[in-house]
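Student: The structure follows.
Every number here is computed from the coordinates shown, using simple stated rules; none is lab data. Note that the structure is a prediction, hence the values are computed from the model and not measured. Virtual Cβ from ideal backbone geometry, glycine too; neighbours counted across all protein chains shown.
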Amino acid sequence: MRKLIDKLTDGGKLRYTPTQLWYAAARNRTPAGGTSYGCVAVGFILATGFFAMLIMGTNEFDPDVVRSTLVIAGVFLALVLLLTFRGSRRAKWSGTVEVPMPLSTFRASVIDRWTVVYSRPLGLKDEGNVQFPVLPALPDGGTPRLVVLCPDRDVLACLALNDVHKTHSLALAQSLDQLGNISNGPASAGGPGPVGIVLHDASPAGLAFAAATRAALGGRVVIAGMLPRTVLDKPNALRLRKPLRSGDLDVIRSSTPPLTAAEADWLSRGWWSPIAAVPPAKLLAVVARAVDRAEGMADPDRGRAQQVGFLTWPTAS
């Protein structure tokens with residue numbers, strides 16, 4: 001727990017939610033998927049052989065008994081191996097992989113127990129106290145030019161608890177419907193509306209959210225969410241699996257940018273990874289990089305300056 005807390009707070013500087021702590025504790029403890037069907041098959045083979053020998057030995061290896069026993073044992077093992085093979089294939093493509101301990105149990109048996117013994121974990125804040133959309137206090141009382149959109153409440157709560165909306169003067173919203181509630185006054189100069197920064201899971205639902213936001217904002221959007229390649233390249237990333245929903249395969253096929261064959265196969269087998277499992281420090285760094293890109297869209301002059309680049313002050317050689 002102390003090591004997890006130190007990593008999540010980046011040495012005591014950041015805040016995090018119970019869900020982020022839960023995911024951090026589950027990393028490297030979540031099943032890899034599939035079932036040990038091979039062990040089951042070996043167990044049936046050994047058990048069948050034992051009982052066959054017992055029956056034949058009891059009957060003093062009578063030839064008729066031996067033949068009958070071997071035929072029955074062979075048919076039984078053939079059926080067992082067939083069912084085992086089919087079960088293994090089904091588990092490979094549709095088996096569910098979840099965090100071993102439910103979040104409610106983790107809160108009660110880990111967080112609450114730790115609080116009783118050692119006091120409240122450093123930096124832990126309840127996401128339920130944050131109401132969305134979250135707006136920055138702008139000097140002119142206008143509308144923020146940037147808005148972070150993410151369907152995961154815990155991610156937005158982490159950003160709000162770490163004052164990202166104040167640092168970058170942006171709004172935090174959970175859905176496209178909340179965009180109509182971010183106006184504090186006249187729109188800021190630089191464009192017809194806010195530029196969206198989209199954060200999402202590495203999942204078909206995340207890709208669909210990004211596509212819907214891109215369509216709604218007319219291209220004034222920076223997609224900073226997780227792609228499957230991000231998870232596939234990191235052995236320690238949290239990988240979960242659940243059955244695909246109707247339309248998920250269409251989302252995978254029509255993804256923008258297009259997915260590689262490995263990414264599409266990974267998602268098609270039900271795998272996904274939550275962006276809430278990304279540590280707060282990395283999450284804040286992702287948002288900071290996305291803000292730089294989004295500022296260029298929100299302010300045409302700044303966008304042109306970014307394309308030109310900048311010069312550093314000359315120094316003596």
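Student: Output the peptides 278-285, 5-12 sorted from most to least packed, where packing is the average of other Cβ atoms within 10 Å over each peptide's residues. Walk me through the intermediate numbers first.
Tutor: Working: 278-285: 18.8, 5-12: 15.0.
Taking the mean over residues of other Cβ atoms within 10 Å, the ranking is 278-285, 5-12.
Student: Give the span of segment 192-271's Cα atoms along each principal axis, as three whole-Å numbers ordered largest to smallest.
Tutor: Here the Cα extents, ordered largest to smallest, are 41, 28, 20 Å.
Student: Report, by chain and number, residues whose modeled amide H sits under 5 Å from the one on Val148, excluding near sequence neighbours (fewer than 5 apart, same chain).
Tutor: Ala171, Leu172, Ala173, Ile197
Student: Which values of log₁₀ I(q)/I(0), to two decimal places, follow from the Debye formula for segment 134-233 at q = 0.15 Å⁻¹ with a uniform point scatterer at every Cα?
Tutor: Listed by q, the Debye log ratios stand at -0.58.
Student: Okay, moving on. Regarding segment 61-170, what are the three Cα extents along the principal axes, ordered largest first, in Å?
Tutor: Principal-axis extents of segment 61-170 (Cα, largest first): 98, 41, 17 Å.
Student: Mind checking Rg over Rh on segment 226-278, alpha carbons, Kirkwood formula for Rh?
Tutor: With Rh from the inverse mean 1/r over Cα pairs, Rg/Rh is 0.94.
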